[in-house]
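One structure is given below, encoded as structure tokens.
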Amino acid sequence: MEFLSDIASLTNSTLRISTPLVFAAMAGIFAERSGVIDFSLEGKMLMAAFVAAVGSYFFGNPWVGLLMAIVVCVSLSMLHGFASVTHKGDQVVSCVAINILIIGLTTALAAAWFGQAGLTPTLTDDQRFLEITLPFTDALREIPIIGLIYSDILSGHYIFVYLAYLSVPIVYWIVFKTSFGLRVRAVGENPSAVDTAGINVFAMRYKALAINGVLIAFAGAHLSTAVNANFFREMSAGRGYLALAAMIFGKWHPKTALIACLLFGFTDALQIRLQGVELPTIGTIPVQLIQAVPYILTVVLLAGFVGKAIAPRAIGQPYIKER
Amino acid sequence: MVSPILQLHNINKSFGHVQANKNINLTINKGTIHGIIGENGAGKSTLMSIVYGLYQADSGTIKVNEKEIKLKSPKDSIEHGIGMVHQHFMLVENFTVLENIVLGFEGEVIFGKKLEKAKTDLNNLCKTYSLNVDLNSIISDLSVGFRQRVEILKSLYRGAEVFILDEPTGVLTPQEVDELFKILRSLKEEGKTIVLITHKLNEIMDLTSEVSVMRQGEVVGHTKTDHTNREKLAEMMVGRSVLLRINKSKTQRGDVAFKVENLTVKDDLDVTRVKNVSLEIHAGEILGLAGVTGNGQTELLEALSGIRKVESGEIFLNGKKISDSVEHLNPRELKEKGLAHIPEDRQRMGLVNDFKAYENLIFGYHDQEPYSKSSIMKEHKILDYSKKLMEEYDVRPRSPHLMTSNFSGGNQQKLILSRELNESPKILLVGQPTRGVDIGAIEFIHQRLIDMRDKGAAILLVSVELEEVLSLSDRIVVMFDGKIVGERINKDVSDRELGLLMAGVA
């Protein structure tokens with residue numbers, strides 16, 4: 001039985017740890033399917049975490065913090081669009097600029113407002129999102145298997161966890177079953193075809209970037225107003241890049257990107273679980289090595305499998321109409 | 001009763017300092033096939049992009065059905081019944097035919113009823129015009145001819161009355177061209193108007209009832225097609241009389257100078273593109289290699305010129321083995337043995353666009369005396385040499401310091417030609433020598449190739465322009481799907497027969 005509850009707790013933490021990755025990967029799908037590289041997922045996630053924490057603290061309501069994070073992230077996406085879509089700048093450079101700007105900005109603003117470099121005050125329970133216990137959790141707990149799945153794995157997560165997994169079918173549906181999705185995909189493959197069909201290429205890319213901004217805001221808010229109760233320096237810790245890798249590994253497709261996110265989440269959950277555990281014959285694995293596992297996995301997966309992934313054809317290329 | 005469907009008045013358009021269209025006046029009558037002919041860079045495509053709303057004219061007015069309209073984007077022109085089939089197809093390659101056609105005209109937010117209706121409508125259109133397109137195919141699985149039909153179907157579905165086709169036959173086999181012309185005639189019978197942009201005189205004579213000629217951004221003539229002929233049109237296009245038939249003496253065929261045995265070559269994606277090809281080229285002959293783009297010609301040329309690794313098979317130069325799967329001579333060593341290569345893609349492989357003309361002219365000789373001594377380049381010597389070459393090959397403008405990208409396609413090609421031919425190579429590999437080159441320069445380039453042949457060079461001419469292969473070659477081989485599918489002596493072959501070979505059906 002201990003083995004089963006181990007599995008349950010591992011699955012539970014996989015779902016939680018994967019949450020920001022899923023949001024970020026879905027955000028990335030929108031930007032990149034429209035032909036705009038989004039390396040700035042990392043920076044935007046960090047900014048969202050900061051703004052959500054600050055907003056929640058000042059207004060005493062985490063929803064206000066989330067809303068502010070959405071506004072700020074959409075603005076950052078628009079900034080990325082202004083540089084790389086309207087002014088045809090290099091998309092990677094624009095993203096790197098945003099990432100660097102935000103690392104400095106969050107630290108500096110935290111220092112100016114709260115007197116502590118890169119830390120925001122701890123939020124009270126009223127000011128943050130709490131775990132949601134699903135109905136009948138206690139009643140169902142005693143039923144074998146179902147009880148385990150329902151009460152120990154599915155119940156007791158933050159709202160963002162549920163939203164993240166809900167976002168995957170929605171993103172899939174928008175991208176593949178609506179005319180908007182068709183246009184987004186077309187603009188990332190052959191913008192000239194979209195232009196000659198009488199659709200504004202630039203407007204399409206901006207719309208896709210706006211959705212990107214909304215989704216990435218959820219990832220940041222999850223970090224600072226749900227799993228943690230404050231913002232701290234560089235708290236996104238490479239998750240934006242990891243999500244980007246998951247998205248590429250998932251071939252810019254919501255379903256496979258989700259699987260990649262869960263895989264990364266699982267290795268992370270596993271490394272936490274394995275810390276300090278004595279394994280038979282091997283002994284204790286050094287913490288540093290275990291912590292490196294998700295990143296090593298990223299490199300291995302990208303190097304080994306991504307060769308077959310085909311990026312949207314027009315990705316990274318600003319659309320130039322006249323010669 | 002003839003009524004104008006499309007009228008252009010005093011259209012002007014400049015790109016920077018270049019005036020692409022100058023005071024264009026043009027009237028297209030309803031229900032006609034109207035040809036617009038002109039050399040590359042004459043401003044035909046720019047004009048049509050203005051009519052389609054892709055570019056905005058600097059000044060001038062456009063009338064559709066005698067009503068003045070404003071075109072801000074293709075959306076406006078589509079609303080006024082103008083459709084365009086671009087030279088480079090505007091299709092999303094990994095979408096289905098259906099997805100490509102409804103793009104922008106979905107009529108609903110969530111796919112459902114309208115999409116079903118679109119399918120029915122499109123299938124009906126396909127029947128009416130015998131287009132024979134499967135709506136569920138992915139574009140990348142379709143041949144070029146079918147992709148073009150998808151473009152026509154797309155315009156039809158969007159309610160076009162005027163169809164503009166920009167160089168529609170450039171990438172088609174002769175049979176596909178016949179099919180296309182049939183479709184265009186049936187469109188005309190249904191009362192549609194067709195504007196055919198081309199630089200090919202035959203097409204104008206075959207298909208159109210009226211023709212306008214453009215030169216250097218201006219319309220220089222209008223006429224009924226019945227009242228003109230190929231020679232007159234060519235003269236109007238170029239502004240001087242042009243020799244359309246090349247003067248070619250009988251060949252003085254020598255020994256085998258270049259031989260390829262059972263050659264197999266793979267491309268960068270590890271796909272076998274050249275399959276067991278054997279060829280012989282004699283001194284003093286031009287061997288034409290015909291075929292539709294993408295049937296392995298590119299990889300064959302690259303392997304022969306030492307750029308690409310040979311998978312299996314052998315290559316011999318004057319009876320000596322130069323390359324096999326184990327080792328091959330690099331382009332430099334081949335050059336020393338008297339082999340010159342005029343690559344298919346001059347922008348990418350023939351020239352460095354951001355270099356000055358003289359720098360490109362000296363490439364390959366830049367470290368040899370007298371142009372260089374102890375690794376230091378001798379600028380006067382190089383400039384003198386460049387001036388001499390540019391004079392001899394009539395490169396215009398004759399300024400060695402001009403950036404290569406500022407020369408026209410024809411003059412860029414002359415730069416390459418002068419560099420490669422100056423050393424009188426024994427073997428000459430030529431890929432698409434006149435792609436994107438104007439008629440005047442074509443004449444010049446063809447004459448130079450014939451001169452080389454008469455001097456005893458063995459020439460392999462790879463071209464997708466059947467007319468070019470027919471007018472220059474002594475012997476013709478046809479390549480399809482990586483294999484040589486036929487060999488003919490030029491005298492006794494028709495373009496029809498070659499077309500069937502090129503399509504892989506004979």
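The values are calculated or read from the model by the stated rules, or taken from the named source; none is laboratory data. On a predicted model such as this, the values are computed, not experimentally measured, just so you know. Note that we place each Cβ from the backbone using ideal geometry, even for glycine, and neighbour counts take in every protein chain shown. When the accessible area is computed, the model is the full protein with side chains, heavy atoms only, and any ligands, DNA or RNA have been set aside. Shrake-Rupley method; radii C 1.70, N 1.55, O 1.52, S 1.80 Å.
Candidate cross-link partners of B:K182 among the aspartates and glutamates, defined by an alpha-carbon separation under 13 Å and a same-chain spacing of 8 or more, comprise B:E190, B:E203, B:D206.
Computed on protein heavy atoms with a 1.4 Å probe, the accessible areas place A:S18, B:S325 in the order B:S325, A:S18, largest first.
Shown in residue order for region A:125-134 are the 3J(HN,Hα) couplings computed by the Karplus curve 6.51 cos²θ - 1.76 cosθ + 1.60 at θ = phi - 60°: 4, 5, 8, 9, 7, 10, 5, 9, 8, 5 Hz (x for Gly and Pro).
Taking every protein chain into account, the 1.4 Å probe leaves B:V177 with about 30 Å² of accessible area, to the nearest ten.
Residues whose amide H lies under 5 Å from that of B:G456, counting only those 5 or more places away or on a different chain, are B:G284; hydrogens are built 1.01 Å from N in the peptide plane. Here region B:386-407 and region B:433-503 have alpha carbon centers that stand 27 Å from each other. Classified by the C-alpha gyration tensor, region A:220-290 has an oblate form. Its axis ratio a/c, with a ≥ b ≥ c, is 1.5 or above, and a/b does not exceed b/c. Estimated from helical segments only, the mean residue ellipticity of chain B at 222 nm is -9500 deg cm²/dmol, where each DSSP H run of four or more residues counts as -39500 (n - 2.57). Accessible surface of region A:84-235, 1.4 Å probe: 67 percent of it comes from carbon and sulfur atoms. Once the Cα atoms are used to define both axes, helix B:113-128 deviates from the longest principal axis of chain B by about 70 degrees. Please give the FRET efficiency for A:T256 paired with B:D134, using the beta carbon to beta carbon distance and R0 = 25 Å, rounded to the nearest 0.05. Approximately 0.35, to the nearest 0.05. Accessible area per residue for region B:256-502, computed on protein heavy atoms with a 1.4 Å probe, is 43 Å². Where a ≥ b ≥ c are the square roots of the eigenvalues of the C-alpha gyration tensor, would you call region B:332-399 rounded, which needs a/c under 1.5, or, failing that, prolate if a/b is larger than b/c, or oblate? It comes out oblate by the Cα gyration axes. What separates the Cα centres of region A:45-73 and region A:136-184 is a distance of 24 Å.
Close amide H partners of B:I36, meaning residues 5 or more places away or on another chain with modelled amide H under 5 Å apart, are B:L196, B:I197, B:T198, B:S212. Only aspartates and glutamates eight or more places from B:K378 in sequence, or on another chain, were considered; those with a Cα closer than 14 Å are B:E359, B:D367, B:E369. For chain A, the per residue solvent-accessible surface stands at 43 Å², with DNA, RNA and ligands left out and a 1.4 Å probe.
Working note: Karplus 6.51/-1.76/1.60 with θ = phi - 60° gives region A:17-31 the couplings 5, 6, 3, x, 5, 5, 4, 5, 5, 5, 4, x, 4, 4, 5 Hz, where Gly and Pro are set to x. Calculate what fraction, in whole %, of the accessible area of region B:256-502 sits on carbon and sulfur atoms when a 1.4 Å probe is rolled over the protein chains. Exposed carbon and sulfur together represent 48 percent of the surface. Could you tell me whether chain B comes out rounded, prolate or oblate from its Cα gyration tensor? Rule is a ≥ b ≥ c as square roots of the eigenvalues, rounded for a/c under 1.5, then prolate if a/b exceeds b/c, otherwise oblate. In terms of gyration-tensor shape, prolate. Interface size between chain B and chain A, please: total buried accessible area, 1.4 Å probe, rounded to the nearest 100 Å². What B and A bury together is about 2200 Å². Summary value for chain B: 15 percent relative contact order, contacts being C-alpha pairs under 8 angstrom separated by 6+ residues. What the Cα atoms of chain A give is an Rg and a Dmax of 20.5, 70 Å. Label-to-label distance, A:V287 versus A:A8, with points set 7 angstrom from Cα along the beta-carbon direction: 2.9 nm. Relative to the dominant Cα principal axis of chain A, helix A:179-189 is inclined by about 70°.
With the convex hull constructed from alpha-carbon coordinates only, region B:312-461 shows a mean projected area of 9.7 nm² over all directions. Karplus-derived 3J(HN,Hα) values for region A:110-122, using 6.51 cos²θ - 1.76 cosθ + 1.60 with θ = phi - 60°, are 4, 5, 5, 8, 10, x, 10, 5, x, 9, 10, x, 5 Hz; glycine and proline are entered as x. For A:F180, the solvent-accessible surface with a 1.4 Å probe is about 50 Å², rounded to the nearest 10.
Looking at region B:4-238, the accessible area is 41 square angstrom per residue; that uses a 1.4 Å probe and ignores ligands, DNA and RNA. Normalised by the number of residues in region B:256-502, the mean separation of alpha-carbon contacts (under 8 Å, six or more apart) gives a relative contact order of 28 percent.
With the alpha-carbon atoms of the protein assembly as shown aligned to their principal axes, the span from lowest to highest coordinate is 98, 73, 53 Å, starting with the largest. When the listed pairs A:K321/B:K192; B:K309/B:K388; B:K44/B:K75; B:K373/B:K455; A:K207/B:K192; B:K200/B:K266 are checked against a 27 Å cut-off, the alpha-carbon distance exceeds it for A:K321/B:K192; B:K309/B:K388; B:K373/B:K455; A:K207/B:K192; B:K200/B:K266.
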